[in-house]
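Visitor: One structure coming up, written as structure tokens, with questions to follow.
None of the figures in this text is laboratory data; all of them are computed from the coordinates on show. As the structure is a computational prediction, the values presented were derived from the model and not from experiment. FYI the Cβ positions are ideal-geometry reconstructions off the backbone, even for glycines, and counts take in every protein chain you see.
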Amino acid sequence: MKKKIRTTKTKIRKFSFFAEVLITLLIAVSIFRWYFQILPQPAIFVLVLITLLIATSVFRWYFQVLPQPSIFLFRNVELPKKSDRILVFSPHPDDETIATGGYILESVRANASVWIVVVMNGNWLHQEQKRYKEFEEATRVLGVAKENFFFLNYPDDTLDKQDSYQVRAEFEKIILEVKPNMIIFPDTRDKNPDHYTTGKIIKEIIAENSAIANNATLYQYLVHYHGYPSPNKLAPQLYLLPPIRLVSFDYEWKRVMLPQEIEEQKLEAILHYKSQLSRLRGPFSRKILLGFVRQNELFTVENQEKE
Ligand SMILES: [Zn+2]
């Protein structure tokens, strides 16, 4: 029953989104036509500008994150212990630091063991060697041992086109080898195909191997989503908060509060990803990387309730 209600709610949400966009467009077009009839040419440019401003505001309003004080309502994730075996799946060389750098630093500090699987090779602009070198430097700051890395070398932006059985077999082999009691992987609601495909494949493995699910805590993380993180700039005094659109009964959002020195070390690690911070990479990559330097990190835990 609850599932049915939830599906209906999702349908209503989707419908209301399109309705809102449609109404905004209709208003914009009406104003545009009205102006167009009575005003000379330069007014068109003013109108285009106003329309863009309205569209941007609607976008920002629709994809806003929860307000800063709501961080106090979140529960903490379990802090790492000495005996922990933590396996982090990072779609690209940098996601491990962006999303979980603080948690990895805390784990290393607690003498837990950390393994990192880098799925894609970061070959955009043939930069794979550079990206791997940056990964090595960043993870040295995080304190993860070199022999605990797995590189699967898939070219960027291709994971959803790869043979999923092969990828799955590779993931499964690593999980069985490491025997983690904690697996950290991308949230399947992430907008980047390499991210959500990594998440989807891990979920499939877990769904079919109850032993893995019973022995390991599963944490997911979000990197790419509209307007996330917000504000998308370096603001280390702020908290990282989830997009309102992704707050639902299906997932619980949990926080990891980072002591100041851990946050500083995370920034230091991020600064090693020079290729991603470069303006040549476009404005978004830089903004995302720096926007994740916050007083906390966020993980999602899927609600296991099945009806
Ligand atoms: Zn990525």
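Visitor: For the chain, what does -39500 (n - 2.57) per DSSP helix run (n ≥ 4), summed and divided by total residues, give at 222 nm, in deg cm²/dmol to the nearest 500?
Guide: About -16000 deg cm²/dmol.
Visitor: Check each of the trypsin sites (Lys or Arg not before Pro) in segment 277-307 and keep only those in coil by DSSP with at most 14 other C-beta atoms within 10 angstrom; list them in order. Numbers along the way, then the final one.
Guide: Values: sites: Arg279, Arg281, Arg286, Lys287, Arg294, Lys306; in loops: Arg294, Lys306.
Qualifying residues, ordered by number: Lys306.
Visitor: Here's a follow-up. Please compute the length gained on full extension between Leu234 and Leu125, using 0.36 nm multiplied by the number of residues separating them and subtracting their Cα-Cα distance.
Guide: Extra length from Leu234 to Leu125 when fully extended: 36.7 nm.
Visitor: If I take R0 = 41 Å and measure r between the Cβ atoms of Asn215 and Phe18 in this structure, what FRET efficiency does the formula 1/(1 + (r/R0)^6) give, to the nearest 0.05?
Guide: Values: r = 43 Å, r/R0 = 1.05.
After rounding, the FRET efficiency stands at 0.45.
Visitor: Also, I was wondering about something else. Calculate how many DSSP beta bridges within segment 71-302 are antiparallel, expressed in % of all such bridges and rounded to the nearest 5. Intermediate values should be presented prior to the final figure.
Guide: Working: 10 of 30 bridges.
For segment 71-302, the DSSP antiparallel bridge percentage is about 35.
Visitor: Compute the helix-to-body angle for 164-178: its Cα long axis versus the longest principal axis of the chain, expressed 0 to 90° and rounded to tens.
Guide: Orientation of helix 164-178: about 40 degrees from the principal axis.
Visitor: Tilt of helix 128-142 relative to the longest C-alpha principal axis of the chain, in degrees (0 to 90, nearest 10)?
Guide: Once rounded, the angle reads 70 degrees.
Visitor: In nanometres, what is the gap between the two model label sites at Asn111 and Phe59, each 7 Å from Cα along Cα-to-Cβ?
Guide: In this crude spin-label approximation the distance works out to 5.1 nm.
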